[in-house]
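> To start, I am sharing the structure in question, which I have written as C-alpha cells.
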Ligand SMILES: Nc1ncnc2c1ncn2[C@@H]1O[C@H](COP(=O)(O)OP(=O)(O)O)[C@@H](O)[C@H]1O
Ligand SMILES: N[C@@H](CC(=O)OP(=O)(O)O)C(=O)O
C-alpha cells in the first residue's frame, strides 16, 4: 500500500487533473490511498466566504460561493463530457449544506463557521476527481474522511483522536480496498463526536496523508508537487536552488517547523514513528527522482537550507514597573499566547522584557495585544521577515542580510535565525 497526496496545485485545471489520472495509472495493481486537497486556491476563496458571512455580508458571501460552485460544476462537466451524472447531485448537496449555514445567524465562533464552510473545498474536489477517475477507467472508491478522522472540537486546528481513528481506518478504510485498488479521501478535514466538521490547520492535507500512511502501515507516502523535489530553499523566493536527493526526518521537521512551506510540520511524526519514507515528487514529470525523506538518509553533503517567512510581527512586552520577567511571568505570557492561539516563531527575553516574532494575523494580534496589555506594556513592529538558515556559512549570511536591519538574532551550532527588516538608507525619502 502506498499513500499519495495531491495538493491544490496539481488539481488546479482540467489538464492537471487528467495528468494526475495518468500518474495514478502508472502504478497498475498497486493499492493506493489518495489524499487530495481543494483545487487551486479554492481554500482562499472559501475563506473569503466565511469572512463575509461572519461580518454579516451575506449577499457577498452567497455570491462568492455561487462563483465557486459555477467553476467546479463547469470543470466537472468538461472532465465528464456531460452534465448528467450522479456527481452533480452530490455537488449540489455539498453546496446546499453551506448555503444553509450562510442562512444562519452567526451565533457560534468564527472558527466553527470557518470549518463548516472551508471544508467544502476538499469534499467537492475529491468528489470530482473520484467521478472523473471512474469515468476514465481508474476504478476507485470515494471516502468521506469525516467518517474516519475523529477529532476534538478545536476548530481550525483540531487534534486527532488516535484510537478512534485507527479503529475506523481498520473497519471502514481497509475493507474499501477489497473491491478496488484505489481509495480517494479528503485531506485537511475531520469530524468531532458531535458530527461537526473540523479542519486540521492550513496546508493540513500532508498531515492527513501521514496519518493514513501510519495507520495503514503503508510502504511509503508520496507528496506530488509542482517542483522537482524538496529544495534547499523555496525556488519562488531564491534563485539557484538545488534539489536535495535525500534528507532525514529530523532535518525536515526542523525546516517545516521554522516555516518551510513545502511540507506541513505535523506530517513527519506519524511517518517517522513507523519508519515510513516520505517522497517528494514532481507531478509535472513523474520520472524525475525527487527527494526521499527517511531516518537514515545520507546528509553529509547537505547545502545550507534556507527558510524565509515573510509578513512577521515583532511583539515586545515590558513589565510596567521594572519588575523582572522571571519564569512565572514568562509562563503567564505563554499562557496568553496559547489562549489566543498564536504560535511563537522566535523568542528572546531580557531582565524586564520579552520579545517574540509571530505571523501577522490581524484579528488574533488584536486580541493578543489586548490580553497582554492588562499586565504589560506592549509594542509591535510589522512588515518583518524571519530568516532561518541551517548549516549556514558566513558568506551566505552576509549575502542574505544585505540591506537588512537585524532586530533579533539567535544562533546555535547548526541553525541561525534572524528577524529582519528592510533597512532604509540614510537620507532616503519614504
Ligand atoms: N524547500 C522547498 N522545496 C521545494 N519547494 C518549496 C520549498 N519551500 C517552499 N516551496 C514551495 O512549495 C510549492 C509547492 O507546494 P504547494 O504550493 O503547497 O503545492 P500544493 O498546494 O499542491 O501542495 C513550490 O511551488 C515552492 O514554491
Ligand atoms: N486546502 C487546504 C489544505 C491543503 O493542504 O492544501 P494544499 O495541499 O494545496 O497545500 C489549504 O489550502 O490549506
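> Please find, within the range 220-229, the residue that is surrounded by the fewest Cβ atoms within 10 Å (Cβ to Cβ) out of those that are part of a loop (DSSP other than H, G, I, E, B) and more than 6 Å from ligand 1 (Cβ to nearest atom). Even if it seems obvious, please write down each step before you answer.
Of the residues in the range 220-229, the ones part of a loop (DSSP other than H, G, I, E, B) are 226-229.
With the extra rule that they be more than 6 Å from ligand 1 (Cβ to nearest atom), the set shrinks to 228-229.
Working: 228: 19, 229: 21.
Out of the qualifying residues, it is 228.
> Just to be sure before I move on: is residue 317 in contact with a helix residue (DSSP H, G or I) (Cβ under 7 Å, 6 or more places away or on another chain) and farther than 23 Å from residue 32 by Cα in the structure I sent? Break it down stepwise before answering.
Working: in contact with a helix residue (DSSP H, G or I) (Cβ under 7 Å, 6 or more places away or on another chain): yes; farther than 23 Å from residue 32 by Cα: yes.
Answer is yes for this residue.
> Taking residue 68 and the conditions (1) away from ligand 2 (no atom under 16 Å from the Cβ); (2) buried (at least 18 other Cβ atoms within 10 Å of the Cβ), which numbered condition does it fall short on, given that it satisfies the others?
If we test residue 68 against (1) away from ligand 2 (no atom under 16 Å from the Cβ); (2) buried (at least 18 other Cβ atoms within 10 Å of the Cβ), just (1) comes out false.
Results for (1) under 30 Å from residue 302 (Cα atoms); (2) not in a loop (DSSP other than H, G, I, E, B), shown as yes or no for each residue.
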position	(1), (2)
355	no, yes
372	no, yes
387	yes, yes
392	yes, no
395	yes, yes
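> What residue, of 252, 292, 307, 299, is more than 26 Å from residue 383 (Cα to Cα), within 16 Å of ligand 1 (Cβ to nearest atom) and crowded, with 20+ Cβ neighbours inside 10 Å?
Details: 292 fails: crowded, with 20+ Cβ neighbours inside 10 Å; 307 fails: more than 26 Å from residue 383 (Cα to Cα); 299 fails: crowded, with 20+ Cβ neighbours inside 10 Å.
When all the criteria are applied, what remains is 252.
> Take residue 48 and tell me if it is at pLDDT 95 or above, within 16 Å of ligand 2 (Cβ to nearest atom) and either assigned to a helix (DSSP H, G or I) or buried (at least 22 other Cβ atoms within 10 Å of the Cβ) (or both). Let's see the steps before the verdict.
Values: at pLDDT 95 or above: yes; within 16 Å of ligand 2 (Cβ to nearest atom): yes; either assigned to a helix (DSSP H, G or I) or buried (at least 22 other Cβ atoms within 10 Å of the Cβ) (or both): yes.
For residue 48, the condition - at pLDDT 95 or above, within 16 Å of ligand 2 (Cβ to nearest atom) and either assigned to a helix (DSSP H, G or I) or buried (at least 22 other Cβ atoms within 10 Å of the Cβ) (or both) - is met.
> Would you pick out the residues in the range 169-190 that are touching a strand residue (DSSP E or B) at 6+ places or on another chain (Cβ under 7 Å) and either more than 16 Å from ligand 2 (Cβ to nearest atom) or part of a helix (DSSP H, G or I) (or both)?
Answer for the range 169-190, where residues must be touching a strand residue (DSSP E or B) at 6+ places or on another chain (Cβ under 7 Å) and either more than 16 Å from ligand 2 (Cβ to nearest atom) or part of a helix (DSSP H, G or I) (or both): 173, 176, 177, 180, 181, 182, 183.
> Of the residues 115, 153, 157, which is modelled with pLDDT of 95 or more, within 28 Å of residue 266 (Cα to Cα) and not in a helix (DSSP H, G or I)? Write out each step before concluding.
Details: 115 fails: not in a helix (DSSP H, G or I); 157 fails: modelled with pLDDT of 95 or more.
Checking each option against the conditions leaves just 153.
> Okay, next question. Residue under question is residue 58, and the condition is that it be modelled with pLDDT under 95 and touching a helix residue (DSSP H, G or I) at 6+ places or on another chain (Cβ under 8 Å); does it hold?
Numbers: modelled with pLDDT under 95: yes; touching a helix residue (DSSP H, G or I) at 6+ places or on another chain (Cβ under 8 Å): yes.
Against the criterion (modelled with pLDDT under 95 and touching a helix residue (DSSP H, G or I) at 6+ places or on another chain (Cβ under 8 Å)), residue 58 qualifies.
> Go through (1) under 27 Å from residue 223 (Cα atoms); (2) away from ligand 1 (no atom under 16 Å from the Cβ); (3) surrounded by fewer than 21 Cβ atoms within 10 Å (Cβ to Cβ) and name the single condition residue 15 misses.
(2)
> Kindly indicate which of 342, 299 is touching a residue at least 12 places away in the same chain (Cβ under 8 Å), in contact with a helix residue (DSSP H, G or I) (Cβ under 6 Å, 6 or more places away or on another chain), under 30 Å from residue 225 (Cβ atoms) and part of a loop (DSSP other than H, G, I, E, B). Don't jump to the end; show me each part of the working.
Working: 299 fails: in contact with a helix residue (DSSP H, G or I) (Cβ under 6 Å, 6 or more places away or on another chain).
Every option except 342 fails the conditions.
> Follow-up question, since we're still on this one. Are any of the residues in the range 230-238 farther than 20 Å from residue 124 by Cα, surrounded by fewer than 18 Cβ atoms within 10 Å (Cβ to Cβ) and free of Cβ contacts under 8 Å to residues at least 12 places away in the same chain?
yes
The values are calculated or read from the model by the stated rules, or taken from the named source; none is laboratory data. These numbers come from a predicted model, not from an experiment. All Cβ positions, glycine included, derive from the backbone under ideal geometry; neighbour counts span all protein chains shown.
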